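Structure, as structure tokens:
The values are calculated or read from the model by the stated rules, or taken from the named source; none is laboratory data. It should be emphasised that the depicted structure is a prediction, and the values quoted were computed from it without experimental measurement. Positions of Cβ are backbone-derived with ideal geometry, glycine not excepted, and every protein chain shown enters the neighbour counts.
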């Protein structure tokens with residue numbers, strides 16, 4: 001009886017031990033059960049949201065004025081940009097002829113080269129991206145330049161005795177360079193005293209990029225006085241040619257000779273054609289006095 005009891009206890013013990021081992025072996029992982037597995041450094045279980053792609057800005061030219069101009073004219077440029085997802089931060093203008101023009105939104109320029117300019121404009125946004133270029137045009141034509149104008153070029157007096165002086169007076173416009181033979185470069189207007197040793201022609205040349213204009217004056221020089229005392233008017237006579245009258249004269253021993261009615265100082269001998277009626281007076285002067293001759297021209 002005692003042995004039987006012992007055998008039963010041993011059998012029960014083995015049975016309970018087997019059941020315990022079976023229960024441990026049947027443990028399983030239930031989906032959704034938190035895991036104690038370690039997290040790999042540098043990884044995150046939070047999903048990444050993609051950044052929206054930048055929308056390029058749009059450039060627009062507001063004005064290029066005037067559209068056609070001569071060289072040296074001031075041209076006005078203005079433009080703007082729009083950006084739906086940012087702001088405009090930079091501008092750039094360029095020409096197919098002159099290259100870079102400006103980085104301002106609006107500006108003026110008087111220095112565009114001659115030619116047809118295709119002008120390009122673009123803008124940059126706050127994402128540092130440039131817009132596509134838009135374009136306009138402006139035509140620059142050469143400036144038309146006329147030749148210089150010599151308004152006056154005179155010698156006073158027009159005749160002198162040896163050792164005497166004459167004064168050249170002149171006025172010129174539109175010239176880059178003005179020269180007088182025997183003197184050199186001069187200003188566009190002025191006067192110059194000359195002491196010719198013999199009868200001399202003085203030629204003025206005024207030049208610019210369109211060409212030249214010239215004018216000449218004569219200063220007669222007498223080596224010795226031909227007469228003592230006052231000047232002698234040898235003749236001062238008219239000759240009719242139908243539509244005009246020619247005044248001819250010859251004077252000796254004069255330091256200056258002048259004819260009124262806008263004719264002015266004249267050489268010792270010469271002629272002048274007139275078409276207006278009136279009395280023309282020649283006045284010859286030297287240190288001893290003056291002599292006068294007159295001609296009346298009647299209307300026809």
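Observations on the structure shown:
- Residue within the range 73-83 that is in contact (Cβ under 8 Å) with a residue 60 or more places away in the chain and assigned to a loop (DSSP other than H, G, I, E, B) present: yes
- Scanning the range 200-231 for residues being farther than 30 Å from residue 176 by Cα and either touching a helix residue (DSSP H, G or I) at 6+ places or on another chain (Cβ under 7 Å) or surrounded by 15 or more Cβ atoms within 10 Å (Cβ to Cβ) (or both) gives a total of 6.
- Residue check, residue 126 in contact (Cβ under 8 Å) with a residue 24 or more places away in the chain, over 30 Å from residue 257 (Cβ atoms), buried (at least 16 other Cβ atoms within 10 Å of the Cβ) and touching a strand residue (DSSP E or B) at 6+ places or on another chain (Cβ under 8 Å): no
- Residue check, residue 64 at pLDDT 95 or above, surrounded by 10 or more Cβ atoms within 10 Å (Cβ to Cβ), within 60 Å of the chain's Cα centre (by Cα) and in a loop (DSSP other than H, G, I, E, B): no
- Filtering the range 281-299 to residues that are within 20 Å of residue 155 (Cβ to Cβ) and either assigned to a strand (DSSP E or B) or modelled with pLDDT of 90 or more (or both) leaves 282, 283, 284, 285, 286, 290.
- Test: residue in the range 234-246 that is within 25 Å of residue 163 (Cα to Cα), in contact (Cβ under 8 Å) with a residue 40 or more places away in the chain and buried (at least 18 other Cβ atoms within 10 Å of the Cβ): no
- Every test in (1) touching a strand residue (DSSP E or B) at 6+ places or on another chain (Cβ under 9 Å); (2) touching a residue at least 12 places away in the same chain (Cβ under 8 Å); (3) over 17 Å from residue 269 (Cα atoms) is passed by residue 219 save one, and that test is (3).
- Count of the range 138-164 residues, restricted to those that are surrounded by 12 or more Cβ atoms within 10 Å (Cβ to Cβ) and assigned to a loop (DSSP other than H, G, I, E, B), is 8.
- Members of the range 281-300 that are surrounded by fewer than 13 Cβ atoms within 10 Å (Cβ to Cβ) and within 23 Å of residue 242 (Cα to Cα): 294, 296, 298, 299, 300
- The range 251-280: number of residues that are assigned to a strand (DSSP E or B) and closer than 21 Å to residue 241 by Cβ: 10
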